[in-house]
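Heads up, the thing below is written out as structure tokens.
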Amino acid sequence: MEPFGQKSLDRVVSQKALQMGSSFPCQICVVGFLCGVCLTSLFLAALTSMGTFEFGGISFSATSLGSSPPRNSSHEIINCKFKVMDEKWDNSQRTTNGVDDERISFLQSAWSASLSEAVDGESEFLQSVGLSKSAVPIAPHLENCKLSAKINERLDKHAGNETFPPWTTWKGLLDMHPASSANEQLRYFRHQSISEGAYPPWITGSDEDNYPLTRKVQRDIWIHQHPLNCRDPNVRFLVADWERLPGFGIGAQLAGMCGLLAIAIKEKRVLVTNYYNRADHDGCKGSSRSSWSCYFFPETSQECRDYAFELMSNKEARESGIVTTKDDYNSKEIWAGRTPRVWGDPWSYLQPTTEINGSLLTFHHKMDRRWWRAQAIRYLMRFQTEYTCGLMNVARNTAFGKEVAKMVLASLGDKWPKEVRNKPRSDIQEFVWSNHKPWIPRPMLSMHVRMGDKACEMKVVEFEEYMQLADRIRQRFPHLNSIWLSTEMQEVINKSKLYTSWNFYYTNVTRQVGNMTMARYEASLGRQTSTNYPLVNFLMATESDFFIGALGSTWCFLIDGMRNTGGKVMAGYLSVNKDRFW
């Protein structure tokens, strides 16, 4: 209990203070003081928003208004704190998930450097920042292209004297696990699986997930194109250059080669592709220059290719029909010839999963051609080369690298780059998880918007109609917010920025402004760029979960075929128009 006198003194002082606080002069002083604090805070905020500055030897780091904490009380306004930033990673640059932007950009750059580094060497970028390759976290969105090419080469050759390659139910590197060769019983079952002809590993999903008979057809085409003995007198060949007439796009070239493969199968010939003008550039090295094999595995074995070209210089072989060329067939046979009937007519029961104008397409007059082109294009693109794999890595790192870096760094905390070193890979990482495809944001919608000079061949619609279809998909799948946008028009890219509820990804390439023919546009890009970026878009479309396009475009037609032989039949396809020949 406090003495009575002390209480009385406190009460008197409190009353005096209240009277002074109520006086007008004191109120003016208090208000003036608070105003001065506020003005000073605003002045400093304006300075710091312009960048880092120094005042009295103290460094102030700028923080944008977008990342500043919300100021909703007088306490937060007055409680101003400034800190000298003496660390490498500036905390004022941190994003909402606690990972700073500088480290995100640094990691993405390290991944970019690893894509361009010399074989078994450290990149100049990593050396310049004193970072070893082993200290760079594994990138889930990038593929080990050298390893993938090695595995696929093994899966594209006969296993000894077997009729088939080593296709088994053990996927990827798991088939190369020591247990598969050390165990006698496993070796027996593996041999039995190969001899009975397991289905090709480039087909994803069951028969119900693909066009009818896809797995069987792909296996049969591979056997047809890879005879055990290319010099057998019964083996005949069709050698053909790719189309290179002015105005022929990649889609038209692929459609033409699909027709030639159909002829080869009907005439029991091995198709051998020759000069490919779109691979005639410096990116395609050595023997792959001017060849389809720059981008995808060759359509037949090297032994058959060598023997076919040998026969081409043999007049007797030409005259006797052992080897034929594209010139031996007219354009109708190539472009509108009869579909091979080796497998019956599986196109007669295609699942109706394509929607045009709000209705499912159940029948049209070119169902056989749609089915066959899907099979042919899937075979021709069954395995990517190391070069194409590298193009896809660069595209994914450019589009998704920042997003992936943010996730990876969030899992590492503040340790990287100071402490983290990649540990030796465990068996499950080496033999099981290595078979997983590179990461992309999922679900992903691919959209190919074809406009420009295509109006002379099909009905062209505005970008807004494509987005209306995208909104319809999102009504059923509300977690969908990512779109891979493929288009040659800059106008479409500009319009996409208006749809702020979507995340758009696209290749960084110069696009058309105004009216320009596709041939002129491709010439302006150069052969290498005008071939590489469309193929990247094509492959991204085949990997996406959903697709919106225009079936009147040959390019979209072929994308649809790749998806329908890639386990995505039940994903459906929303088209803004129908094929002009249906």
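Surface calculation, 1.4 Å probe, protein heavy atoms: residue 244 sits at approximately 140 Å² accessible. The 1.4 Å probe gives accessible areas that order 168, 273, largest first, as 168, 273. The gain in end-to-end length when the residue 101 to residue 173 segment is fully stretched comes to 22.3 nm, 0.36 nm per residue minus the alpha carbon separation. Computed over the range 306-388, the quotient of the alpha carbon radius of gyration and 2.2 N^0.38 Å is 1.56. Judged by the mean number of other Cβ atoms found within 10 Å, the most tightly packed of the peptides 468-480, 565-577 leads the ranking 565-577, 468-480. Given R0 = 25 Å, the distance between the Cβ atoms of residue 503 and residue 464 translates into a calculated FRET efficiency of 0.85.
Computed extension gain for residue 327 through residue 144, at 0.36 nm per residue and net of the alpha carbon distance, reaches 61.8 nm. The peptide list 497-505, 362-370, put in order of mean Cβ contacts within 10 Å with the highest first, becomes 362-370, 497-505.
Accessible surface comparison of 338, 154, 373, 289, probe 1.4 Å, protein chains only, largest first: the order is 338, 289, 154, 373. Computed from the alpha carbon positions, the gyration tensor of the range 536-582 leads to an equivalent ellipsoid with semi-axes of 17, 11, 9 Å, biggest first. Relative to its Kirkwood radius, the Cα radius of gyration of the range 465-510 gives an Rg/Rh of 0.97.
A cut-off under 12 angstrom between Cβ atoms defines the neighbours of residue 408, and their net charge, with Lys, Arg +1 and Asp, Glu -1, is +3. A Förster radius of 56 Å, combined with the Cβ-Cβ distance separating residue 418 from residue 442, puts the computed FRET efficiency at roughly 0.95.
Quick check for you: which residues of the range 337-374 have the amide N under 20 Å from the point 7 Å beyond the Cα of residue 232 toward its beta carbon? Within reach of a label on residue 232, which here means backbone N under 20 Å from a point 7 Å along Cα→Cβ, the range 337-374 contributes 342-343.
Pairs over the 26 Å Cα-Cα cut-off, from the set 133/497; 406/437; 157/216; 157/366; 146/415; 133/415: 133/497; 157/366; 146/415. Sorting 518, 489 by solvent-accessible area of protein heavy atoms yields 518, 489, largest first, with a 1.4 Å probe.
Full extension of the chain between residue 341 and residue 129 yields a length gain of 70.2 nm, computed as 0.36 nm times the residue separation minus the alpha carbon distance. By a 1.4 Å probe calculation restricted to protein chains, residue 389 has an accessible surface near 10 Å², given to the nearest 10. Each peptide in 553-560, 406-413, 210-217, 107-114 gets a packing score, the mean of other Cβ atoms within 10 Å over its residues, and the list from highest to lowest is 553-560, 210-217, 107-114, 406-413.
The values are calculated or read from the model by the stated rules, or taken from the named source; none is laboratory data. Predicted, not measured: the structure shown is a model, and the values here were computed from it. Positions of Cβ are generated from backbone atoms using ideal geometry, with glycine treated the same way; all protein chains shown enter the neighbour counts. Quick note on the areas: whole protein, heavy atoms, side chains included, nothing else; ligands and nucleic acids left out. Shrake-Rupley method; radii C 1.70, N 1.55, O 1.52, S 1.80 Å.
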